[in-house]
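All remarks here apply to the structure that follows.
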Amino acid sequence: MLKGSDLFVAALENEGVDRIFGVPGEENLDLLESLRTSSIELVLTRHEQAAAFMAATHGRLTGKPGVCLATLGPGALNFATGAAYAHLGAMPMILITGQKPVMSAKQARFQIVDIVASMKPLTKMTRQIVSAAAIPATVRDAFRVAVEERPGPVHLELPEDVAAEEVENASVIPPHTLACAVASAAAIDGAAEHILAGKRPLVMIGAAGNRPSLVEALSSFVSRTRLPFFNTQMGKGAVTGGSNLYMGTAALSEGDYVHEAVERANLIIAIGHDTVEKPPFLMRSAGGPKVIHLGYQSATVEQVYHPDIEVIGDIGASVEALAERLEGRLSADEGMLELRQKILAHINDRAEEDRFPVTPQRLVHDVRKVMPEDGIVCLDNGMYKIWFARNYRTHVANTLLLDNALATMGAGLPSAMMAAMLHPDRRVMAVCGDGGFMMNSQEMETAVRLGLNLVVVILNDSAYGMIRWKQAVDGFPDFGMSFGNPDFVRYAEAYGAKGSRVTAVEDLVPMLEAAFAGGGVHLVDVPIDYSENTRVLVDELRNRTPDVECA
């Protein structure tokens, strides 16, 4: 005889799960005991939202579902933002929640919320397990659904009495590899003909092009075809930013310098573009470049994105087949390569300006200086995300993690913690605004308890800076966006971490280097001057084009 919770944990071990993040509750106690005697590590967090962000980031960086655990009702509802983060961002994860017994109701409706229904719009699949015998098939199906294209979150509810139920002759179901369908030869041939006929083709790499498994295939494609490329924010890093074919990152929807390349192109090959991202460029109903959509799934047709040609199937296989047909047959567009120098020169403008408080350009420059090529920078959500997307050059895939889908605040610190756990031999930095940091700042204790090596940079302007800026750009009075902050150095020290405060711009690099050299969790408080937002992202770009979208 085997208890349901033991069978559930065995099924998780069968899927290769080595960690579960979360905050258990009364309804998880059987499962908790089964975990105690298993090979799976329970990583106790201070809030369920952070656990979900960590599990999602595990899926993003490894391609294998991260797993998080919460109790019923309020604990399960705290998973909602993390589930949406993974759902829009296409990150495979499994959310496990408890529930009161389903065969009896000794506590009536106390704490009971229909979590399965609540999770339906936020997940790929949500299911209550109704018997212990169903556990092996349900868990196997959950992991299959989570990783198949398009990846995302799956929710399983394990009621208390099902976890305690005993079952005979139950065994787990071995996992198997899922292979994506391959695009037809006719579709590949048709795309190749259009690219060869196009005088100024330009590649755009989107979020789905940034899967861990595609790094070699996409880098090889660019190398073999010699096609210039740019990327969306979540496609950043799929191909090395050090390539002399890299045109930049679309941090805005139009009007930025990288859009001069889009305007020059007569054909855009959009690899893995997912319209959950803020549009990297806007398609018009007439005129403008033709667009080939190359993806795992058909394009989602939007007012701003309606491709002319589609190549649907495994992206790795598709770009390899395209490279076979294109290699050595394309002529470089000298005008595009000259334009690249102009774009990058604008992006690098004032990168070493010595004003204090620190400007965004100087911040990005100095962070790039202290981070090795394989160092991982995890951004929360704020104005600095646009600056890092535009200005930060990546050289290794998945070394700048940002969220341009749900674009939630509060994810930066948990995602950096996950990156540090997966890559303890690499430098990992969280970059957070003061607003976003305080939404999950309690996880500093978790990071210290886990013995992580992690530098947390807090950009301090005592305001919800992005919305305050947008408020000003739209002509509204300054209202409702300012707040006070704790002493962040003492706040870090209260959790057992180290803390430092930058008081001069020339101190930033030495302070970051010292923080990494010292090891452990180290918070660096950096006063930030966001006046450059208006000078560059509004005034300067409006002089380039009258129709710039500011955010």
- Message: Condition first: crowded, with 23+ Cβ neighbours inside 10 Å, outside any helix (DSSP H, G or I) and more than 15 Å from the chain's Cα centre (by Cα). Now tell me which residues in region 372-393 satisfy that.
- Response: 392
- Message: Among the residues of region 447-468, what is the count of those that are within 25 Å of residue 513 (Cβ to Cβ) and in contact with a strand residue (DSSP E or B) (Cβ under 8 Å, 6 or more places away or on another chain)?
- Response: 13
- Message: Any residue at all in region 84-93 that's over 30 Å from residue 294 (Cβ atoms) and assigned to a loop (DSSP other than H, G, I, E, B)?
- Response: no
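Conditions (1) out of contact with any helix residue (DSSP H, G or I) (no Cβ under 6 Å at 6 or more places or on another chain); (2) closer than 15 Å to residue 99 by Cα, marked per residue:
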residue: 133; (1), (2): yes, no
residue: 161; (1), (2): yes, yes
residue: 165; (1), (2): no, yes
residue: 177; (1), (2): yes, no
residue: 184; (1), (2): yes, no
- Message: If residue 417 satisfies all but one of (1) surrounded by fewer than 20 Cβ atoms within 10 Å (Cβ to Cβ); (2) touching a residue at least 60 places away in the same chain (Cβ under 8 Å), what's the number of the condition it fails?
- Response: (1)
- Item | Test result for residue 337, at negative phi, in the same structural domain as residue 231 (by TED's automatic domain parsing), surrounded by fewer than 18 Cβ atoms within 10 Å (Cβ to Cβ) and assigned to a helix (DSSP H, G or I) | yes
- Task: Residues being more than 25 Å from the chain's Cα centre (by Cα) and not aliphatic (A, V, I, L, M): count how many of those fall in region 77-115.
- Result: 11
- Note on the structure: Here the residues within region 500-521 that are buried (at least 17 other Cβ atoms within 10 Å of the Cβ) and either within 27 Å of the chain's Cα centre (by Cα) or of a type in the set (A, V, I, L, M, F, W, C) (or both) are 502, 505, 508, 511, 512, 515, 516, 521
- Message: Looking at 468, 490, 535 in this structure, which one is under 30 Å from residue 279 (Cα atoms), surrounded by fewer than 19 Cβ atoms within 10 Å (Cβ to Cβ) and either modelled with pLDDT of 95 or more or among the basic types (Lys, Arg) (or both)?
- Response: 535
- Between residues in region 290-307 that are buried (at least 21 other Cβ atoms within 10 Å of the Cβ) and residues that are of a type in the set (D, E, K, R) and in a strand (DSSP E or B), which pairs lie under 8 Å by C-beta distance while being six or more apart or on different chains? 292/310; 293/310; 294/310; 295/310
- Go through the residues of region 166-178 one by one and say whether even a single one is touching a Gly at 6+ places or on another chain (Cβ under 7 Å) and farther than 15 Å from residue 11 by Cβ. no
- Among the residues of region 50-66, is any in a strand (DSSP E or B) and surrounded by fewer than 19 Cβ atoms within 10 Å (Cβ to Cβ)? no
- Residues of region 467-513 being of a type in the set (A, V, I, L, M, F, W, C), free of Cβ contacts under 8 Å to residues at least 24 places away in the same chain and either closer than 20 Å to residue 370 by Cα or in a loop (DSSP other than H, G, I, E, B) (or both), in sequence order, are 476, 479, 481, 511
- Item | First in region 423-448 and assigned by TED's automatic domain parsing to the domain that holds residue 464, second anywhere and surrounded by fewer than 24 Cβ atoms within 10 Å (Cβ to Cβ) and among the basic types (Lys, Arg), Cβ under 8 Å, 6 or more apart | 442/46; 443/46; 445/46; 446/46
- Message: Only one of 322, 363 is assigned to a helix (DSSP H, G or I) and more than 30 Å from residue 85 (Cα to Cα). Can you tell me which?
- Response: 322
- Out of 441, 415, sole residue that is at pLDDT 95 or above, in a loop (DSSP other than H, G, I, E, B) and either among the hydroxyl-bearing types (Ser, Thr, Tyr) or touching a Ser or Thr at 6+ places or on another chain (Cβ under 6 Å) (or both): 441
- Item | Criterion violated by residue 74 - all others in (1) over 20 Å from the mean Cα position of the chain (by Cα); (2) within 26 Å of residue 436 (Cβ to Cβ); (3) buried (at least 19 other Cβ atoms within 10 Å of the Cβ); (4) not β-branched (Val, Ile, Thr) satisfied | (3)
- Subset of region 260-273 [touching a residue at least 24 places away in the same chain (Cβ under 8 Å) and either surrounded by fewer than 24 Cβ atoms within 10 Å (Cβ to Cβ) or more than 15 Å from residue 236 (Cα to Cα) (or both)]: 260, 261, 262, 264, 265, 266, 267, 268, 269
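The values are calculated or read from the model by the stated rules, or taken from the named source; none is laboratory data. As the structure is a prediction and not an experimental result, all values here were calculated from the model. Glycine also receives a Cβ, built like all others from the backbone with ideal geometry; neighbour counts cover every protein chain displayed.
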